[in-house]
Each structure stands twice: as C-alpha cells, then as structure tokens.
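Undergrad: The structure follows.
Laboratory data are not the source of any read-out in this text; all were calculated from the coordinates shown. Remember, it's a predicted structure, so these values are computed and weren't measured experimentally. Cβ atoms come from the backbone with ideal geometry, glycine included; neighbour counts cover every protein chain shown.
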Amino acid sequence: MADAQVIVSGVKKSFEDNLVLRDVSLSLQSGDVVAILGPSGSGKSTFLRCLDYLERADAGTLQLGNDVYDLHDASNKQILEVRRRTGFVFQNYNLFINKTALKNVMEPLVCAHRVPKEDAERIAKEALDKVGLSDRYDYYPSQLSGGQQQRVSIARAIAVKPEVIFFDEPTSALDPELIGEVLSVMKNLANQGITMIVVTHEMRFARNVATHVVFMEGGVIVEEGSPEQIFEHPQQSRTRQFLQQIA
Ligand code: ADP
Ligand code: MG
C-alpha cells in the first residue's frame with residue numbers, strides 16, 4: 001500500500017435518497033490498468049466522476065502520490081489541481097466542436113497547464129501522432145469518425161501527462177467497426193505504463209489488457225482480482241451471474 005500511486009478511499013455518494021456509492025475504495029500502483037465492470041446503474045460513472053469532482057462525493061479521499069484530496073470538501077484550487085493531475089475520457093468524447101483536433105488537444109495544455117503556445121502545439125502534435133492521427137491535425141470533430149474523435153479525446157488526456165486517466169465507457173458510443181481502433185490505442189497506453197481506471201463492457205480488454213478487474217454492483221465492489229481470478233474463478237455468485245449474462 002505504501003508505494004501505491006493512486007489510493008481512493010471510502011467514497012460515498014447519494015442522490016437525494018438514492019444511495020449510489022456505499023463505500024468504494026481502490027488502490028493502484030503506477031502502471032496499473034483497472035477495469036471496472038458492472039451492470040448499468042451500479043454507480044460506475046458516479047464513482048469516476050467523484051474522483052474528478054464532476055460530482056461531489058458525500059465522503060471519501062483521493063490520494064495522488066503523497067497528496068490526499070478530500071472528495072467531499074475541497075477548495076477550488078485543490079479541484080483544479082486534481083483535474084490537472086488526472087485525465088478524463090468520456091463516452092461522448094466531449095470535444096469542442098468549433099476547434100480542430102490540434103486545438104482541442106492544445107486547450108488544456110495552454111489553459112490549465114500554462115504551457116506556451118509553441119510548446120503546446122508540439123506536445124499536442126506528438127499526442128495526436130501517438131493515437132494515429134498525424135494526418136488529422138486540422139480536422140474539426142464533425143469531419144472525423146467517432147473512433148477518430150475518441151482518439152482525439154485520448155490524445156487530449158495524455159498530452160498533459162496525467163498521473164492517472166479515467167475512462168468512462170470510451171467505446172460505448174461507437175459503431176462496432178470503430179471500437180477496435182480505440183481499444184488498440186488504449187492497449188498501447190497500457191503497454192507504455194500509463195495508469196488507468198477504465199469503466200468498460202469490453203470483456204476482451206478487461207481480460208487481456210487490464211492488470212486488475214473490479215466487479216461493481218449496487219454501489220459496492222462485489223469482487224476484485226486479477227483478470228484470471230475474476231474471469232476464470234469468480235468467487236461471488238453475483239459476479240458469475242453477470243459474466244454469464246454478458247458472455
Ligand atoms: P453506471 O455508470 O454504473 O451505469 P451511474 O453512476 O450512472 O451508474 O448511476 C448510478 C445511479 O445514480 C443510478 O440510479 C442513476 O440514476 C443515479 N444518478 C447518476 N447520476 C445522477 C444525477 N446527476 N442525479 C441523480 N441521480 C443520478
Ligand atoms: Mg455509466
């Protein structure tokens with residue numbers, strides 16, 4: 001535990017009287033890829049969103065390196081700091097439609113990280129090259145396929161060199177033939193040792209790329225372990241049921 005790089009502890013969240021996260025904790029070493037699986041409505045998105053203060057948790061902490069952030073009670077400065085140190089990739093890309101791919105990737109570098117324009121442009125181009133879009137710098141989102149837009153959004157996340165990237169169902173909005181290109185980019189990131197938490201329904205990714213698999217239901221982690229433990233030897237009947245349903 002002592003050398004874990006990302007430690008999430010005791011996250012709780014209700015919407016009105018709907019208790020969505022009961023007490024979720026998770027610990028990652030540098031380079032870990034955690035896949036979070038679970039049925040719809042189990043709190044997966046809410047969990048990730050709480051870690052980036054997109055939702056305000058009722059309780060819980062996020063530790064990045066030696067710094068501990070209170071997920072319930074934080075100053076604007078701390079919130080910006082967490083967002084600078086993390087990346088978020090959404091199901092629906094969340095790109096600026098009036099900016100080119102290059103400008104989308106430059107935006108957080110220039111605005112949040114205060115990187116000078118010329119440096120930002122160079123870093124953004126490198127990030128776009130990494131996701132296979134070296135020929136699309138000047139394209140607007142509407143001129144790109146869903147898979148390409150999602151790769152721009154991944155480039156935007158990696159460009160700032162975050163300590164961990166959160167992915168919320170990054171391939172769920174894509175046509176089936178476009179899923180592979182996005183998963184392959186994510187696999188490359190994993191191989192480069194980028195620390196990630198990925199909410200996904202892609203079982204092949206969870207099985208083959210993740211270092212750790214978490215099964216969540218009803219706002220709790222029901223079971224977690226290596227891909228082999230979860231897929232080959234699930235201990236909990238709820239995990240087995242879930243895996244049978246989606247198989
Ligand atoms: P998952 O991502 O696992 O499908 P979510 O985290 O999106 O689950 O949702 C968990 C529960 O929280 C659901 O019952 C959902 O309706 C509720 N919920 C999520 N976001 C909000 C919100 N902004 N306001 C009220 N209820 C919400
Ligand atoms: Mg969700």
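Undergrad: Under a straight-distance cross-link criterion of Cα-Cα below 30 Å, which lysines are reachable from residue 117, leaving out those fewer than 8 residues away in the same chain?
TA: 77, 99, 103, 125, 130, 161, 187
Undergrad: Take the chain, compute every pairwise Cα distance, and split them into 10 Å bins from 0; I just need the percent in each bin.
TA: Per 10 Å bin, starting at 0, the Cα pair percentages come out as 7, 31, 36, 21, 4, 0.
Undergrad: Calculate one ³J(HN,Hα) per residue across region 132-146 by plugging θ = phi - 60° into the Karplus curve 6.51 cos²θ - 1.76 cosθ + 1.60, and present them in order as whole Hz with x for glycine and proline.
TA: x, 10, 5, 9, 10, 3, 9, 7, 8, x, 5, 8, 10, 6, x
Undergrad: How would you classify region 23-94 from its alpha-carbon gyration tensor, with a ≥ b ≥ c the square roots of the eigenvalues: rounded for a/c under 1.5, else prolate if a/b is greater than b/c, otherwise oblate?
TA: It is rounded, given that a/c, with a ≥ b ≥ c, falls under 1.5.
Undergrad: 7 Å from Cα along Cα→Cβ at both residue 244 and residue 191: what's the point-to-point distance in nm?
TA: Between residue 244 and residue 191, the label points sit 3.7 nm apart.
Undergrad: Please give every one of the lysines within straight-line cross-link reach of residue 13, meaning a C-alpha to C-alpha distance under 16 Å, and leave out same-chain neighbours fewer than 8 residues apart.
TA: Within the straight-line limit of under 16 Å, residue 13 reaches these lysines: 44.
Undergrad: Counting Lys and Arg as +1 and Asp and Glu as -1, what is the net charge of the other residues whose Cβ lies under 11 Å from the Cβ of residue 185?
TA: +2
Undergrad: Between 224, 118, 169, which gets the highest mean-square fluctuation from a Gaussian network model of the chain, Cα cutoff 10 Å?
TA: Of 224, 118, 169, the Gaussian network model singles out 118 as fluctuating most.
Undergrad: Considering only DSSP beta bridges where both residues belong to region 99-246, give the percentage that are antiparallel (nearest 5).
TA: Given both bridge residues lie in region 99-246, the antiparallel proportion sits at roughly 55 percent.
Undergrad: Oh, and also: To the nearest Å, what is the center-to-center distance of region 15-54 and region 167-241, using C-alpha atoms only?
TA: 13
Undergrad: Taking the chain as the reference, fit the longest principal axis to its C-alpha atoms, fit the long axis of helix 101-111 to the helix C-alpha atoms, and give the angle between the two in degrees, 0 to 90, nearest 10.
TA: Rounded to the nearest ten degrees, it is 80.
Undergrad: Once the Cα atoms of helix 176-191 and of the chain are each reduced to a long axis, what angle between those two axes, in degrees from 0 to 90 to the nearest 10, is obtained?
TA: 90
Undergrad: So between residue 81 and residue 207, what do we pick up on full extension, going 0.36 nm a residue minus the alpha carbon distance? Kindly include the intermediate steps, with their values, before the conclusion.
TA: Working: separation 126, 0.36 × 126 = 45.36 nm, distance 3.25 nm.
So the extension gain works out to 42.1 nm.
Undergrad: Further question on the same structure: Quote the FRET efficiency, to the nearest 0.05, computed for residue 139 versus residue 70 with a Förster distance R0 of 30 Å and r equal to the Cβ-Cβ distance.
TA: 0.15
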